[in-house]
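Everything below concerns the one structure shown next.
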Amino acid sequence: MERHNRSSLVEFVLLGFPKVGHVRGWLFVLLLLAYLFTICGNMLIFLVIRLDAALHTPMYHFVSVLSVLELWYTATTIPKMLANLLSEKKTISFAGCLLQTYFFHSLGASECYLLTAMAYDRYLAICRPLHYPAIMTPTLCSKMAAGCWTCGFLCPISEVILVSRLPFCGYNEIQHIFCDFPPLLSLACKDTSTNVLVDFAINAFIILITFLFIMVSYGRIIGAVLKIKTAAGRRKAFSTCASHLTVVLIFFGSIIFMYVRLKKSYSLTLDRTLAVVYSVLTPLVNPIIYSLRNKELIKAIKRTVFRKGGRASPTHH
């Protein structure tokens, strides 16, 4: 009977943003503009870093990888959100829903690992400056970035397999703006305590361990910066970390509350709000944060876009 129930359910209905009514068009425009800005901003940062020799340093290598990751991260969910805002039939296939969930969590886990690698890079640059060039070589940077992607794409496999084996008994409306594990588990007509426990264990390991590592790194960085005697030196050291730390706090602040919890029930309004923060807002503000707070990157953008200025020599942080 369970096999019949599961196989008969071939698609889900993504309710998305319910009760938006007459403001649906405005919401579509805002979301479309946010998506286009995210694409343009992250593409600009990636291309400028790759084209400008002055930015061929480990720190900017990781920033460029983060920009690519954000492009894929938003492509997993936002196009479907836009399509659902225009369509009365807000359906997604069973396989499509599982794939969206898998890629969303894979890319999210990859971002957790990448932000951790960036924190380690800043720790070495500030706390061990003499050893930094010898340790953080281009080969190590490439291996770390590849490791972040690989580990990220391996993490959600067990969760997706467990969800794919659950029976779904007719009711197929997903109370969320995209497919995700919590709303999917709420539709299953079987005890999902094992799924919830596995989700909690994996999410707690990925999110809390990486966040703890980042905070420890920044604790040591702050301790080292406070020992710098000149105010100008302290400002320069802090400026190289402020952008990354801002992104970390926005991203981790929302996903910790969303995914590190041992329960299936949740507040629909709160979860939709948090989902907008980490799936739309964070990728949107990343280019702004990294460009507006980084004079070197601003100069590189001007050199690349407007073809002005000479070729700068590489700088090390």
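The values are calculated or read from the model by the stated rules, or taken from the named source; none is laboratory data. Just so we're clear, the structure is a prediction, and the values are computed from it rather than from any experiment. When we count neighbours, we look across all protein chains shown, and the Cβ atoms used for this are built from the backbone with ideal geometry, even at glycine. The accessibility values were calculated without ligands, DNA or RNA, using every heavy atom of the protein model including side chains. Shrake-Rupley method; radii C 1.70, N 1.55, O 1.52, S 1.80 Å.
Descriptive notes on the structure:
- Entry comment: accessible area of the range 86-166 is 44 Å² per residue, from protein heavy atoms only and a probe of 1.4 Å.
- Accessible surface of the chain, 1.4 Å probe, proportion on carbon and sulfur as whole %: 69
- Only Lys, Arg, Asp and Glu carry charge here, each on its Cβ (+1 for the first two, -1 for the last two); on that basis the chain has a dipole of about 1320 debye about its Cα centre.
- In the chain, the DSSP-assigned H stretches of four residues or longer account for a calculated mean residue ellipticity at 222 nm of -23000 deg cm²/dmol, using -39500 (n - 2.57) per stretch and the full residue count as denominator.
- Orphan Cys of the chain, criterion: no other Cys C-beta under 4.7 Å: CYS40, CYS112, CYS127, CYS141, CYS148, CYS151, CYS155, CYS241
- The phi-based Karplus calculation (6.51 cos²θ - 1.76 cosθ + 1.60; θ = phi - 60°) puts the 3J(HN,Hα) values of the range 71-87 at 4, 5, 4, 6, 5, 6, 10, 5, x, 5, 4, 5, 5, 5, 5, 9, 9 Hz, whole numbers, x for Gly and Pro.
- Net charge contributed by nearby residues that have their C-beta within less than 15 Å of ALA145 (K/R +1, D/E -1): -1
- 20 Å Cα-Cα threshold exceeded, pairs from LYS19/LYS190; LYS236/LYS299; LYS89/LYS190; LYS143/LYS295: LYS19/LYS190; LYS89/LYS190; LYS143/LYS295
- Per-residue Karplus couplings for the range 271-284, computed as 6.51 cos²θ - 1.76 cosθ + 1.60 with θ equal to phi - 60°, are listed in order as 5, 5, 5, 5, 4, 5, 4, 8, 9, 10, 5, 4, x, 6 Hz, Gly and Pro entered as x.
- Listed residues VAL163, THR150, THR137: farthest to the positive end of the dipole of the range 67-181 (Cβ charges): THR137
- Within the range 183-269: Cβ-based charge dipole about Cα centre, in debye rounded to nearest 20 (Lys, Arg +1; Asp, Glu -1): 560
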